[in-house]
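The values are calculated or read from the model by the stated rules, or taken from the named source; none is laboratory data. Model, not experiment: these values are computed from the prediction. In this analysis, Cβ positions are derived from the backbone assuming ideal geometry, glycine residues included, and neighbour counts consider all displayed protein chains. Just so you know, the surface numbers come from the protein's heavy atoms only, side chains and all, with ligands and any DNA or RNA stripped out. Shrake-Rupley method; radii C 1.70, N 1.55, O 1.52, S 1.80 Å.
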Amino acid sequence: MDEIDVPPFFICPISLEIMKDPVTLSTGITYDRESIEKWLFSGKKTTCPVTKQVIADCELTPNHTLRRLLQSWCMLNASLGIERIPTPKPPISKAQIVKLLIDAKSPQQQIKCLDTLKSIAAENATNKRCMESSGAVEFLASIVCNYDPTATEESLDYEFDSIRPIDEALSILYSLQLSEASLKNLMGKNGDFILSLTRVMQRGSYESRAYAVLLLKSMAEIADPMQLINFRPQLFIELVQVLHDQISKQASKATLQLLVSICPWGRNKIKAAEAGVVPVLIDLLLDSSSERRACEMILTVLDAVCRCAEGRSELLKHGAGLAIVSKKILRVSQVASERAVRILLSIAKFCATSKVLQEMQQLGVVAKLCLVLQLDCGSKTKEKAREVLKLHARVWKNSPCMPTNLVSSYPA
């Protein structure tokens with residue numbers, strides 16, 4: 001390729017490689033379809049990469065003239081090792097999607113329709129946006145909302161017919177990488193769609209439960225606080241169960257991210273505590289294989305839940321609660337250390353019985369907080385550690401359990 005003079009208008013401005021499927025934006029600039037789709041849809045960009053103009057219409061128009069020139073040039077240079085670019089398959093049309101959805105009346109036709117939609121969505125991002133604007137999201141959401149978990153108990157034949165559509169529908173919904181408008185529409189269905197996802201998490205397959213959590217995470221990211229505070233207790237029970245079952249790393253990560261975003265709102269922290277999230281999170285912390293980011297999210301959720309009495313009670317009830325939180329200080333990251341110290345501050349402020357204070361001393365929690373003051377671990381973390389130590393200086397400072405090399409670090 002270094003010896004071949006490639007015409008510059010054959011080169012995609014994004015990938016800087018020869019285009020295979022040239023398409024033109026409303027700004028008049030031509031790009032390779034795969035590159036511009038990644039820029040617009042995966043990258044969520046709203047401007048033309050070359051002109052920097054805001055793109056009001058994301059429709060990609062195939063540049064047939066340039067493609068034919070490309071194919072002719074490839075044939076002329078075939079002896080130099082240039083492979084001919086095949087004629088790309090045209091994107092799906094809105095009318096084709098609409099007809100496909102209208103024809104899906106019987107259960108068998110519905111399954112066939114889902115298989116076709118899955119194939120169409122897998123081809124390119126343009127097809128996904130076309131599906132989204134043609135009513136496919138509503139169609140898929142209706143399958144989720146009509147999911148009947150009791151039907152799986154009736155017969156094996158019915159089970160096959162009832163479970164497969166829900167698995168496929170959730171898989172396609174997630175693969176579409178829905179726009180904010182579609183996510184808001186799902187979020188605004190009077191809570192019906194969230195209730196349906198909760199039912200799926202309760203009785204669905206591992207695959208469906210994972211996709212349900214991933215969709216919930218995407219929806220929560222665009223929801224307003226008033227919608228977040230209306231989440232029902234049953235949802236928290238199912239989220240905790242997903243964490244407990246460790247369905248997959250992706251599902252566990254999405255569940256933690258979801259809990260991080262929703263626990264601070266309203267009574268959600270209480271709902272999470274009553275659902276049993278604290279012992280499950282502590283057990284995850286005890287698992288030495290936890291990655292740094294996962295550990296940070298676990299401590300962030302614990303910090304939020306420990307802002308309520310129910311959460312603090314659950315932490316103290318667990319035999320390893322205080323010990324594992326203290327252990328993560330200075331061992332994971334500054335973020336993890338700050339969250340862990342904040343959890344200890346909540347305990348020190350609101351649960352300071354003589355038994356708890358003695359346990360904190362014996363477990364080395366107090367010594368760890370003194371160590372925090374000596375090391376460079378962030379001003380916020382030091383400030384919170386100092387506050388904990390000052391709260392119970394009378395009990396801890398002169399205790400025989402206090403390491404002599406750390407007594408000088410104890411705040412006055």
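Restricting segment 115-132 to residues that are under 23 Å from S196 (Cβ atoms) and within 24 Å of the chain's Cα centre (by Cα), which is surrounded by the fewest Cβ atoms within 10 Å (Cβ to Cβ)? That would be K118. Restricting attention to segment 40-61, the residues that are without any contact (Cβ under 8 Å) to a residue 60 or more places away in the chain, under 19 Å from D21 (Cα atoms) and surrounded by fewer than 17 Cβ atoms within 10 Å (Cβ to Cβ) total 3. Residues R331, R394, R307, R386: which one is outside any helix (DSSP H, G or I) and more than 25 Å from K269 (Cβ to Cβ)? Every option except R331 fails the conditions. When E274 is tested against (1) under 15 Å from the mean Cα position of the chain (by Cα); (2) modelled with pLDDT of 95 or more, only condition (1) is not met.
A quick yes/no check of all residues on (1) under 16 Å from the mean Cα position of the chain (by Cα); (2) acidic (D, E):
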residue	(1), (2)
P165	no, no
E168	no, yes
S171	yes, no
Y174	yes, no
S182	no, no
F193	no, no
R203	no, no
Y206	no, no
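Pick out the one residue from A348, A304, A294 that is touching a His at 6+ places or on another chain (Cβ under 7 Å) and open to solvent by less than 40 Å² (accessible area, probe 1.4 Å). Even if it seems obvious, please write down each step before you answer.
Numbers: A304 fails: touching a His at 6+ places or on another chain (Cβ under 7 Å); A294 fails: touching a His at 6+ places or on another chain (Cβ under 7 Å).
The conditions single out A348.
How about segment 62-92: which of its residues are open to solvent by less than 60 Å² (accessible area, probe 1.4 Å), of a type in the set (K, R) and modelled with pLDDT under 85? Answer for segment 62-92, where residues must be open to solvent by less than 60 Å² (accessible area, probe 1.4 Å), of a type in the set (K, R) and modelled with pLDDT under 85: there is none. Restricting segment 370-383 to residues that are part of a helix (DSSP H, G or I) and either without any contact (Cβ under 8 Å) to a residue 24 or more places away in the chain or touching an Asp or Glu at 6+ places or on another chain (Cβ under 8 Å) (or both) leaves a set whose member that is least open to solvent (accessible area, probe 1.4 Å) is T381.
I'd like to verify a number: residues in segment 199-241 that are assigned to a helix (DSSP H, G or I), touching a residue at least 12 places away in the same chain (Cβ under 8 Å) and over 21 Å from A141 (Cβ atoms), how many?
Our first condition is that a residue be assigned to a helix (DSSP H, G or I); within segment 199-241, this holds for 199-203, 206-222, 225-228, 233-241.
Checking the rest, the ones that are also touching a residue at least 12 places away in the same chain (Cβ under 8 Å) come to 199-203, 206-222, 225, 227-228, 233-241.
Those left that are additionally over 21 Å from A141 (Cβ atoms): 206, 225, 233, 236-237, 240-241.
Number of matching residues: 7.
Considering segment 30-53, the residues that are among the hydrophobic types (A, V, I, L, M, F, W, C) and at pLDDT 90 or above include one that is nearest to the chain's Cα centre (by Cα), namely I36.
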